[in-house]
Amino acid sequence: MRIAIVGNFGLTGNQTMASRALPIAEVLASRGHRVRLALPIRRHGDGVPVKRPGIEVVYAGRPLAGPFGYPWQVLVLVWLSLRWRPHVVYVFKPIAHSGA
């Protein structure tokens, strides 16, 4: 099964995605599922490639300047998630980017 996990932070900073979502993705991958984490780049250090078996981490890129930066990142996260044609979309901690 293909499972897309959409997050509201990158893997750096407050470490919510690295300490909570990534272990969930690892367990799912160990059970034979293909997992894609779609994350925004919000801090310096986000966007670094992560190599884990069965897990693909994709980033929405840096936000555009101005009032359209946040909506643009949200649209890119939706596109990165849905173009992969997942069977399940898991919105991790539905606030900020993933809540939108």
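Among the residues making up region 1-53, a single one is open to solvent by less than 20 Å² (accessible area, probe 1.4 Å) and among the hydroxyl-bearing types (Ser, Thr, Tyr): Thr16. Among the numbered conditions (1) of a type in the set (Phe, Trp, Tyr); (2) within 15 Å of Ala4 (Cβ to Cβ); (3) touching a helix residue (DSSP H, G or I) at 6+ places or on another chain (Cβ under 9 Å), the only one that Tyr70 does not meet is (2).
A Cβ distance below 8 Å, combined with a sequence gap of six or more or placement on separate chains, defines the contacts here; from region 11-35, residues that are closer than 15 Å to Met1 by Cβ reach residues that are modelled with pLDDT of 85 or more and part of a helix (DSSP H, G or I) in the pairs Val35/Ala25; Val35/Leu28; Val35/Ala29.
The residue pairs whose first member lies in region 50-64 and is closer than 23 Å to His33 by Cα, whose second member is of a type in the set (Asp, Glu) and part of a strand (DSSP E or B), and whose beta carbons are closer than 9 Å, counting only pairs six or more residues apart or on different chains, are Val50/Glu56.
For region 25-44, filtering for residues that are assigned to a helix (DSSP H, G or I) and over 19 Å from Leu77 (Cα atoms) leaves 5. Applying the criterion of being open to solvent by less than 70 Å² (accessible area, probe 1.4 Å) and modelled with pLDDT of 85 or more to the residues of region 55-70, the residue that is farthest from Ser30 (Cα to Cα) is Ala60.
Each residue in region 45-77 was checked for being within 14 Å of Ala18 (Cα to Cα) and in a loop (DSSP other than H, G, I, E, B), and 7 pass. Criterion first (hydrophobic (A, V, I, L, M, F, W, C) and over 13 Å from the mean Cα position of the chain (by Cα)) does Trp79 satisfy it? Here the answer is no, as Trp79 does not meet what is asked.
The values are calculated or read from the model by the stated rules, or taken from the named source; none is laboratory data. None of these values were measured; they are calculated from a predicted model. Positions of Cβ are backbone-derived with ideal geometry, glycine not excepted, and every protein chain shown enters the neighbour counts. With ligands, DNA and RNA removed, areas are computed over all heavy atoms of the protein, side chains included. Shrake-Rupley method; radii C 1.70, N 1.55, O 1.52, S 1.80 Å.
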